[in-house]
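Engineer: Could you have a look at this structure, given as structure tokens, before my questions?
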Amino acid sequence: MAEPIYATGKRKTSIARVWLRPGEGKFTVNDRSLREYFGRETNEIVVLQPFDLTGTRNQFDVDVNVRGGGILGQTIAIRHGISKALLQHNADFKEALKKAGFLTRDSRIKERKKYGRRGARRRPQYSKR
């Protein structure tokens, strides 16, 4: 059997570890099926976008371990990891994946709270008297 392709995808605080193996399209997320894990069809569509874009829908068995963040963050982290793994499989996919924005790491995270402030930027209420 061929060596699995491994890649990591991230978004906010979500980290997805993705393994691609040649197969018939089985998809497991944290030892559960894709539909069972997310429950929503929209999340399933987002996760499968890189396969639809490259025309490799049922060519790989995907095994994902994802943790941290919320449902949408995890969904996009998985999409990012799959895109990076597909790029390792075939470098010709780079142009299409890059154009669709699947290879770009969305680095927006919550800004930390600063001292003397009520939040990251919120200042205490001002009173003239």
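Engineer: If you take the residues of segment 5-31 that are over 20 Å from ASP52 (Cα atoms) and without any contact (Cβ under 8 Å) to a residue 40 or more places away in the chain, which of them is nearest to the chain's Cα centre (by Cα)?
Structural biologist: ASN30
Engineer: Now for a different question. Does at least one position in segment 109-127 carry a residue that is at pLDDT below 95 and under 30 Å from THR56 (Cα atoms)?
Structural biologist: Checked segment 109-127: no residue is at pLDDT below 95 and under 30 Å from THR56 (Cα atoms).
Engineer: Hey, another quick one. At least 3 residues that are surrounded by 14 or more Cβ atoms within 10 Å (Cβ to Cβ) and touching a strand residue (DSSP E or B) at 6+ places or on another chain (Cβ under 7 Å) in each: list the helices (runs of 4 or more DSSP H) lying fully within segment 14-93 that qualify. Give the derivation first.
Structural biologist: Working: elements: 34-38, 41-54, 71-89.
Those helices (runs of 4 or more DSSP H) span 71-89.
Results for (1) out of contact with any Pro (no Cβ under 9 Å at 6 or more places or on another chain); (2) more than 20 Å from LYS10 (Cβ to Cβ), shown as yes or no for each residue.
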{"position": "SER33", "(1), (2)": "yes, yes"}
{"position": "ARG40", "(1), (2)": "yes, yes"}
{"position": "ILE45", "(1), (2)": "yes, yes"}
{"position": "THR54", "(1), (2)": "yes, yes"}
{"position": "ASN58", "(1), (2)": "yes, yes"}
{"position": "ASP61", "(1), (2)": "no, yes"}
{"position": "ASN65", "(1), (2)": "yes, no"}
{"position": "GLY69", "(1), (2)": "yes, no"}
{"position": "GLN88", "(1), (2)": "yes, no"}
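Engineer: From the list ASN65, ASN90, which one is within 17 Å of ALA16 (Cα to Cα) and not β-branched (Val, Ile, Thr)?
Structural biologist: Numbers: ASN90 fails: within 17 Å of ALA16 (Cα to Cα).
The unique qualifying residue is ASN65.
The values are calculated or read from the model by the stated rules, or taken from the named source; none is laboratory data. Owing to the predicted nature of the structure, the values given are computational and were not obtained by experimental measurement. Neighbour counts run over all protein chains shown; Cβ positions are idealised from the backbone, glycine included.
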